[in-house]
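A.B. asks: Pasting a structure below so you can have a look.
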Amino acid sequence: MTMRRLIRSNKGLTLLEVMISASILAVSLLAIAAMFPAAMGAMEVAGEERRAYAVAQGMLERIQGTAAFNETLLYNGQSTAQATPFLTGSAVVDANLTAWKQEIEQVPGSGLPQGVGTITVVTVAGVTPARLATITVTVQWPNQRRISAVLITQVSET
């Protein structure tokens, strides 16, 4: 009789309990695994955004480093979508635009595939000669969130 009580009171897991626990664990692991592709996609988009802002910032710094204010005005309307060589009349401006186009069109992973950069330079209306220019550098590329990198600065004639 003591042997029967010992067998009945033996506490442990049944096969059904083990199967239910394994099923819950499998569903949980599948849910976690499903998040990885979404996270990888978000990281890729973030990398493209970082590259776009870095390329735009680099161009702004080139423009700000242009010695003559009149040369700064030559950047207006320029786009990396146009054919090279750039013919603005200034060797410095042409070289800066060519380098910018190459940065955008670099191999995938370091550039922005199918990216296009544009520059607009707006001077204060009614003031002759122009003393202040607002420069907008935009970098657009095909991306999931349909965003573009836009940086704006002002340059004054010194």
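The values are calculated or read from the model by the stated rules, or taken from the named source; none is laboratory data. Owing to the predicted nature of the structure, the values given are computational and were not obtained by experimental measurement. Cβ coordinates were reconstructed from backbone atoms using ideal geometry, including for glycine residues, and neighbour counts include every protein chain displayed. For the accessible areas, the whole protein counts, side chains as well, though only heavy atoms, and no ligand, DNA or RNA atoms are used. Shrake-Rupley method; radii C 1.70, N 1.55, O 1.52, S 1.80 Å.
A.B. asks: If you count only protein heavy atoms with a 1.4 Å probe, what accessible area per residue comes out for the chain, rounded to a whole Å²?
C.D. replies: 67 Å²
A.B. asks: Based on DSSP H runs of at least 4 residues, each adding -39500 (n - 2.57), what is the mean residue ellipticity at 222 nm of the chain after dividing by all its residues, to the nearest 500 deg cm²/dmol?
C.D. replies: Helix contribution divided over all residues of the chain: -16000 deg cm²/dmol.
A.B. asks: To the nearest 10 degrees, how steeply does helix 91-104 sit against the main Cα axis of the chain, on a 0 to 90 scale?
C.D. replies: Orientation of helix 91-104: about 10 degrees from the principal axis.
A.B. asks: OK, next. Which value results when the Cα radius of gyration for the chain is divided by 2.2 N^0.38 Å? It would help to have the intermediate numbers written out before the result.
C.D. replies: Values: Rg = 30.2 Å, N = 158, 2.2 N^0.38 = 15.1 Å.
Dividing the Cα Rg of the chain by 2.2 N^0.38 Å gives 2.00.
A.B. asks: Follow-up. Along the charge dipole of the chain, which of Ile20, Leu60, Ile135 sits closest to the positive end, that is, farthest toward it, with unit charges on the beta carbon of Lys, Arg, Asp and Glu (+1, +1, -1, -1)?
C.D. replies: The residue sitting most towards the positive pole is Ile20.
A.B. asks: Now, a different point. I need to check one value: relative contact order of the chain, counting alpha carbon pairs closer than 8 Å and at least 6 residues apart, in percent. Walk me through the numbers on the way to the answer.
C.D. replies: Details: 182 pairs, mean separation 33.1, N = 158.
Normalised by residue count, the contact order of the chain is 21 percent.
A.B. asks: Then there is this: Which order do the peptides 84-94, 24-34, 48-58 come out in when sorted by mean C-beta neighbours inside 10 angstrom, highest first? Intermediate values should be presented prior to the final figure.
C.D. replies: Numbers: 84-94: 14.6, 24-34: 9.5, 48-58: 18.2.
So the peptides 84-94, 24-34, 48-58, ranked by packing, come out 48-58, 84-94, 24-34.
A.B. asks: Once the convex hull of the alpha carbons of the stretch 27-89 is built, what does its volume come to per residue, in cubic angstrom?
C.D. replies: Numbers: hull volume 6.5 nm³, N = 63.
Output value, Cα hull per residue: 103 Å³.
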